[in-house]
Every structure is written in C-alpha cells, then in structure tokens.
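Report on the structure given below.
Derivation of every value follows stated rules applied to the coordinates shown; laboratory data play no part. The shown structure was predicted, so the numbers you read here are calculated from the model rather than taken from an experiment. Please note: Cβ atoms are built from the backbone with ideal geometry, for glycine as well, and neighbour counts cover all protein chains shown.
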Amino acid sequence: MSDPGFTVHRLNSMKIANFFLLVNDRELTLIDTGNKDKIENLRSKFDHTGHSLDQLKRIIATHCHPDHIGSMAALKQVTGAQVLAHEAEAPFITHEARLPRARGPAWLLHSLTEPVFRAERCRVDKTLKHGDSIEGTGLTAIHTPGHSPGSTCLYHRGARALFTGDAFINMFGKVRGPIPAFCWEIQQARRSLARLLELDVETIYFAHGETIREGGNERIRSLAEAFNAV
Ligand SMILES: [Zn+2]
Ligand SMILES: [Zn+2]
C-alpha cells in the first residue's frame, strides 16, 4: 500500500459479504457493515484488527441491501458513528422510500424478498454525490447506478484501491458483473462500469469474493469491454 497512513482490514459477514475497516491516521471508517449481527460479534471482529469499535467515526454505505447495511442502525446507535450514503440511495436506508421494483427479470425475486429482507431503518447524516471526497478517509465516491439507484464504489487514489460494493463481484472463479437477478437495472449496472475506467486501480476490494491485489485496471477494462461499455 503506497499510502502509509492508510490500512484496510477485511471483515466478513456470514461468509457472504465482506465489509471493510479503514484506518486513516487513526480515524476509523467502515465501508458497509455486513448482515444484521450482534454487537458483541462485531466488537470481537474489531478487536481482532487491534482497533476498538468505540472509536468508529463513520460508516459509508455502498448501497441499501441488507447484506451490506444489516448492522448499520445498531452500530450507529452504539458508536454514534456518522452514516454516509449516495443521495439516490439514502431514502431507502432511512425508509423514506421503498427500493423501486427491479426493471427486467429480477422483478419477481425482488418483490418476494424486498419486504422480508429490508434492513432496519437508519438515519443518514450526509449524502454523497458522484466525485465527492469523503473527509478523513482519502476516499472519493464513484456513483455506479444499476445494481441499485444509488450504488456507489469508493476509490482511494493514494492507495490505488477500489471498493466495489456490488457494482461487480469476484465469484464462481472470476471477476464478473453484478448478478442480474439482484439488480434494479442490469443494463445500467453494466454501463456504469465504464465510469471506473477513468480511475487508476491496482487493488480491488470486493464485497463478494476475494480481494485482487494486482492488475485492477486490466480487470476493470476487460469487464467493461465485455459489456461493450467502452
Ligand atoms: Zn446488493
Ligand atoms: Zn451484496
């Protein structure tokens, strides 16, 4: 990692979703929170990294799905952490709006699961727009709509690192686009990948799948090309 003030700890939730603890000049930031979990379990995950949950300063949500923000409301309550999310995603986190029904083949699955698996309501303290720098983190918000309306990747220029949320995944043996059955608008999700071509990426931290430490630019380029996004 070329930025010595910045370290990343990958945490895992139920072997399904990764979420990330960032330490930036001793300030603690979480990208997503994983599924709904007991605070004691989250506390022990933090302890394993050598950091205290009580020091958590902010939580950035990549999007509103329950495998990503399932513990956000509880964590906010316990730690007082600030919650940030893209302005197009915030209403689904605060429950001011329902996630719109998926367009295309995912609509049936969506309409069956969304009411059951909606994450607990959580206040959003600060909304983000594409290109916003997030104070105290070195991160920039990259709006990649499609998986959900406000899906956002997070980019750290100094570390040449990208946190994908569910914009794309590393599962079933390869880097691939988001799974259509879980997308609000799959065509838009695929087109959004072109936005990542503007970044200089070495390391890719996936919410679903193993981290890729080298050659991020090439992975992103070949994925975007596969969807004719370039
Ligand atoms: Zn998702
Ligand atoms: Zn997910």
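At a glance:
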item	result
Kirkwood-Stokes translational diffusion coefficient of the chain, alpha-carbon pairs, 4 °C, 1.567 mPa s, µm²/s	74
Residue order, fewest to most surrounding Cβ atoms within 10 angstrom, among His9, His48	His48, His9
Of all DSSP beta bridges in region 78-230, antiparallel share, percent nearest 5	65
Helical mean residue ellipticity (222 nm; -39500 (n - 2.57) per DSSP H run of 4+; nearest 500) of the chain	-6500 deg cm²/dmol
Region 141-198 - charge dipole about Cα centre, Lys and Arg +1 at Cβ, Asp and Glu -1, debye rounded to 20	200
Distance (nanometres) between label positions extended 7 Å along Cα→Cβ at Leu109 and Lys129	3.4
Partner aspartates and glutamates for Lys57 [C-alpha distance under 15 Å; skip if fewer than 8 residues away on the same chain]	Asp25, Glu27, Asp32, Asp125, Glu135
Gain on full stretching of the segment that runs from Asn12 to Glu120 - 0.36 nm per residue minus C-alpha separation	36.9 nm
Residue-span extension gain [Thr211 to Asp37] - 0.36 nm each, minus C-alpha spacing	60.4 nm
Charge sum, other residues only, whose C-beta stays under 12 Å from Leu30's C-beta, Lys/Arg counted +1 and Asp/Glu -1	+3
In nm, spacing of pseudo-spin labels at Glu202 and Glu218 (7 Å Cα→C-beta vector)	1.5
